[in-house]
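Take a look at the structure set out below.
The values are calculated or read from the model by the stated rules, or taken from the named source; none is laboratory data. The shown structure was predicted, so the numbers you read here are calculated from the model rather than taken from an experiment. FYI the Cβ positions are ideal-geometry reconstructions off the backbone, even for glycines, and counts take in every protein chain you see.
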Amino acid sequence: MWGIDASPNATRKAEEKEKDRGIAVKFLTIDAMDLGGLGRTFDTVIDCGLFHVFSDQGRERYVSNLASVRAQGSMLVILCFSDSQPGDWGQVYGSPSWSPLLRSIHLCRHLLAIDGLRFGP
């Protein structure tokens, strides 16, 4: 298992949790816009809270980077805010609907689901 983050502080905290929990994870502090530099692919890729922070153009670049580390037939899970998040916290940046972007660039061979959940209290 690998974990990446651009923040050295986040990587350090994750390493501390790894030791406390007795699990084996390789953590790297790298830019998610340079995933191809890893030089390998993964069977499962999980994005927890990054996709929605990019502009429309940034999302296209990010998605290309995700594709560069996905093995044939791999699973991609993206956890992010949506355009239906109420209030002024947690709104998606850029276009109000990003699901067509995922479909149009064929990020997933088979799109299983886009589920809407509310985050927060």
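List every residue pair whose Cβ atoms sit under 6 Å apart, with the two residues 6 or more apart in sequence or on different chains, where the first one lies in the range 52-73 and is free of Cβ contacts under 8 Å to residues at least 60 places away in the same chain and the second, anywhere, is outside any helix (DSSP H, G or I) and of a type in the set (Gly, Ala, Ser).
So the pair list comes out as Ser55/Gly94; Asp56/Gly94; Asp56/Ser95.
Would you pick out the residues in the range 24-65 that are within 17 Å of Thr11 (Cα to Cα), in contact with a helix residue (DSSP H, G or I) (Cβ under 9 Å, 6 or more places away or on another chain) and in a loop (DSSP other than H, G, I, E, B)?
Ala24, Val25, Ile30, Asp31, Leu50
Considering only the range 14-52, how many residues are modelled with pLDDT under 85 and either surrounded by 15 or more Cβ atoms within 10 Å (Cβ to Cβ) or over 23 Å from Cys80 (Cα atoms) (or both)?
2
Which residues, counting only those in the range 1-23, are polar (S, T, N, Q) and in a helix (DSSP H, G or I)?
Asn9, Thr11 - these are the residues of the range 1-23 that are polar (S, T, N, Q) and in a helix (DSSP H, G or I).
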